[in-house]
Amino acid sequence: MGSGIWSTDVYDAADRYRRSTGRSAFSYSDSGARTVHPALDPRDAMRESRDSAEHPRSTPVAVLFDVTGSMRTVPRVLQTKLPQLLGLLQRQGYASDPQIMFGAIGDATCDRVPLQVGQFESDNRMDDDLGRIVLEGGGGGQMSESYELAMYFMARHTVTDNWEKRGRRGYLFIIGDELAYKQVKAREVARLTGDDLAEDVPLRQVVDEVTRRWDTYYLLPAGSHYAGNATVLDFWRDLLGQNAVVLDDLDAVCETIALTIGLGEQAIDLDEGLRHLDRAGSTATGTVSKALARLGRGRRAEVSTLPTFRDTASGVTRL
């Protein structure tokens, strides 16, 4: 997947049409949908980011967000800022041939739609996937959501040429404000994905699996119910280290994602990225600067302990 080219003109035209007709960008959810859209159903699904003549060096980016409680506003913010995210990734050259997948996370113990996962897209179909997300707004009230199921899906139900051909990890951003459950429960996996697990999988094992192929970040934004909660932040820093990032402003989420990728791809350093935001008139510069200061400069989405693979672009065999 991932064919086509993003067009801000097409995005703007669709936005004008929705405004003129009074339709929501999230019409599927706002019309009362309470079941997962078929295009986002994780059952028996594999999500692929592939190279093509149009996109010869794809960079996969997955953005999965909690849509329970106060976090249900996150996809609406992302939808309005898609042009800024794509503009930084493409026009500023932060990543080659970005292919973006959006998904949503709920609570498998009580929500009707606890996991929704789109496809990797390079064009305006990523906006379509956002619009298909059910903004359930539930959650169990126990300071935990099913982030572990989302990581399980990313670890075992995604395939990317970036990894298979070049040995490079993709980028995974989880936006939330609560803890993950400590086990991936076999019965929940069977119900949601169709996988038949012999036993539950410990959270740490799933984190190890997903971080092998995905440069994984947890973004904890201001305005969420548990923003600033030390228990939540310590939990994610124990799992992901410095990649657990606090945001002072939810509106800065797209710029934070874009600059994190730019740093990981060594396309920019932090100072250069912040100058790009200033020149673009972004109000997120201060928030992004503070959030990303912990990540350091020139981080790579690459693993050095890989088996030998063949770089098909250069014909060179590498370790």
Residues of region 66-83 classified as within 26 Å of A280 (Cα to Cα) and not β-branched (V, I, T), total:
7
Are there any strands (runs of 3 or more DSSP E) wholly within region 32-127 with 1 or more residues that are out of contact with any helix residue (DSSP H, G or I) (no Cβ under 7 Å at 6 or more places or on another chain) and under 21 Å from V10 (Cβ atoms), and if so which?
98-105
Which of the residues that make up region 191-213 are out of contact with any Ser or Thr (no Cβ under 7 Å at 6 or more places or on another chain) and either under 22 Å from V67 (Cα atoms) or of a type in the set (V, I, T) (or both)?
R191, L192, T193, V201, L203, V206, V207, T211
Residue among S146, S122 that alone is among the hydroxyl-bearing types (S, T, Y), modelled with pLDDT of 95 or more and in contact with a Gly (Cβ under 8 Å, 6 or more places away or on another chain)
S146
With the condition kept exactly as written, say whether any residue in region 95-115 is open to solvent by 40 Å² or more (accessible area, probe 1.4 Å), within 16 Å of the chain's Cα centre (by Cα) and not acidic (D, E).
no
What residue, among those in region 196-217 that are free of Cβ contacts under 8 Å to residues at least 60 places away in the same chain and not in a helix (DSSP H, G or I), is most open to solvent (accessible area, probe 1.4 Å)?
D196
The residue from S31, S58, S49 that alone is polar (S, T, N, Q) and either surrounded by fewer than 17 Cβ atoms within 10 Å (Cβ to Cβ) or free of Cβ contacts under 8 Å to residues at least 12 places away in the same chain (or both) is S31
Name the residue that is nearest to S49 (Cα to Cα), counting only residues in region 218-246 that are among the aromatic types (F, W, Y) and surrounded by 22 or more Cβ atoms within 10 Å (Cβ to Cβ).
Y218
I'd like to know if region 150-165 contains one or more residues that are over 27 Å from Q266 (Cα atoms), open to solvent by 10 Å² or more (accessible area, probe 1.4 Å) and assigned to a loop (DSSP other than H, G, I, E, B).
yes
From the residues in region 166-182 that are within 20 Å of Q205 (Cα to Cα) and more than 15 Å from the chain's Cα centre (by Cα), which one is surrounded by the fewest Cβ atoms within 10 Å (Cβ to Cβ)?
K182
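Here is a yes/no grid of residues against (1) over 28 Å from R275 (Cα atoms); (2) of a type in the set (K, R); (3) touching a strand residue (DSSP E or B) at 6+ places or on another chain (Cβ under 7 Å):
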site: L82; (1), (2), (3): no, no, no
site: R91; (1), (2), (3): no, yes, no
site: A95; (1), (2), (3): no, no, yes
site: I100; (1), (2), (3): no, no, yes
site: V113; (1), (2), (3): yes, no, no
site: G118; (1), (2), (3): yes, no, yes
site: D123; (1), (2), (3): no, no, no
Members of region 274-291 that are closer than 13 Å to L85 by Cα and open to solvent by less than 40 Å² (accessible area, probe 1.4 Å):
H276, L277, S282, A284
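The values are calculated or read from the model by the stated rules, or taken from the named source; none is laboratory data. From a predicted model like this one, the values you see are computed outputs, not experimental measurements. For neighbour counting, all protein chains shown are included, and Cβ atoms are generated from backbone atoms with ideal geometry for every residue, glycine included. Heads up: the accessible areas ignore ligands, DNA and RNA and are worked out on the full protein's heavy atoms, side chains in. Shrake-Rupley method; radii C 1.70, N 1.55, O 1.52, S 1.80 Å.
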